[in-house]
Amino acid sequence: VALRASAQAYHMLVETAHDLIWSLDIQGRWTFVNQAALRIYGYEPAEMLGRPFSDFQAAEQAENDLAALPHVKAGTLHFNYETIHRRKDGSPVNLNFNTVVVLDDQGRIMGATGTAQDITERKQAERLKSTALDAAASAISITNHEGIIQWANPAFTKFSGYTAEDVIGRKASLDKSGIHDGAFYQDLWQTILGGRVWHGQITNRHKDGHLYVSEQTISPVRDLSGAITHFVSVQQ
């Protein structure tokens with residue numbers, strides 16, 4: 001009775017899970033999907049069983065899915081990767097697959113199992129943020145802790161004359177005008193390295209040599225441990 005109750009509880013846990021729980025055989029055919037398949041793919045689980053994994057791939061992402069195979073061939077038994085599949089209605093769904101390779105007693109690959117998380121909303125939010133940053137009228141750039149530029153939006157080019165390709169990997173000081181003294185920059189760095197936002201008026205030199213003045217805000221970005229890893233600069 002206790003074993004039966006435990007099995008029922010496990011079955012309920014699997015079938016009510018928010019993420020897809022799945023298994024594939026050695027031929028890459030679905031052998032199990034839980035009820036989350038209906039929410040994520042739009043298919044009843046029974047409609048997916050026995051069908052090849054490739055039936056659900058977005059054509060443009062097929063190579064990305066195949067890129068997971070070297071992990072298996074190299075003997076990696078647990079790995080994650082992101083991909084795009086197609087729902088029953090043809091719409092795309094972004095998925096993060098957490099994959100475990102299943103071996104038999106002789107160490108031969110029998111298939112794979114794992115979970116898949118629907119990350120469509122997160123990916124859409126990332127695209128919207130990227131679009132907003134690219135469309136912003138203010139010049140925005142991101143540097144690492146040492147002041148090396150890692151990203152710049154199109155408005156940065158309008159302000160400075162430098163394209164993202166010109167500046168990525170270079171010090172943010174490449175457009176120094178020579179107008180400000182050492183104390184000015186010392187105060188700026190002490191402020192942001194101390195975890196505070198620096199705001200002020202700054203004169204920089206355009207790529208073509210002329211000077212321009214902007215209101216600039218530089219904000220520190222911290223990781224989960226609280227350490228400062230990046231700085232975001234916004235110029236108007």
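The values are calculated or read from the model by the stated rules, or taken from the named source; none is laboratory data. None of these values were measured; they are calculated from a predicted model. So basically every Cβ, Gly included, is an ideal-geometry build from the backbone, and we count neighbours across all protein chains shown. Note: accessible area is taken over every heavy atom of the protein model, side chains too, but ligands, DNA and RNA are not part of it. Shrake-Rupley method; radii C 1.70, N 1.55, O 1.52, S 1.80 Å.
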- Message: So for region 164-177 (the condition being open to solvent by less than 70 Å² (accessible area, probe 1.4 Å), under 22 Å from residue 221 (Cα atoms) and in contact (Cβ under 8 Å) with a residue 40 or more places away in the chain), does at least one residue qualify?
- Response: yes
The correct count of residues that are of a type in the set (Ser, Thr, Tyr) and touching a residue at least 60 places away in the same chain (Cβ under 8 Å) in region 183-236 is 3
Scanning region 136-163 for residues that are of a type in the set (A, V, I, L, M, F, W, C) and open to solvent by less than 80 Å² (accessible area, probe 1.4 Å) gives 136, 139, 140, 142, 148, 149, 151, 152, 155, 156, 159
Checked region 207-223 for anything loosely packed, with under 13 Cβ neighbours inside 10 Å and farther than 15 Å from residue 174 by Cβ; matches are 210, 213, 215, 222, 223
### Message
Tell me yes or no: at least one residue of region 184-206 is open to solvent by 50 Å² or more (accessible area, probe 1.4 Å), at pLDDT 95 or above and aliphatic (A, V, I, L, M).
### Response
yes
Scan region 110-122 and give yes if some residue there is open to solvent by 40 Å² or more (accessible area, probe 1.4 Å), under 23 Å from residue 31 (Cα atoms) and at pLDDT below 90, otherwise no.
yes
Contact list, first residue from region 42-70 and open to solvent by 60 Å² or more (accessible area, probe 1.4 Å), second anywhere and modelled with pLDDT of 90 or more and assigned to a helix (DSSP H, G or I), beta-carbon distance below 7 Å, six or more apart or interchain, is 44/38
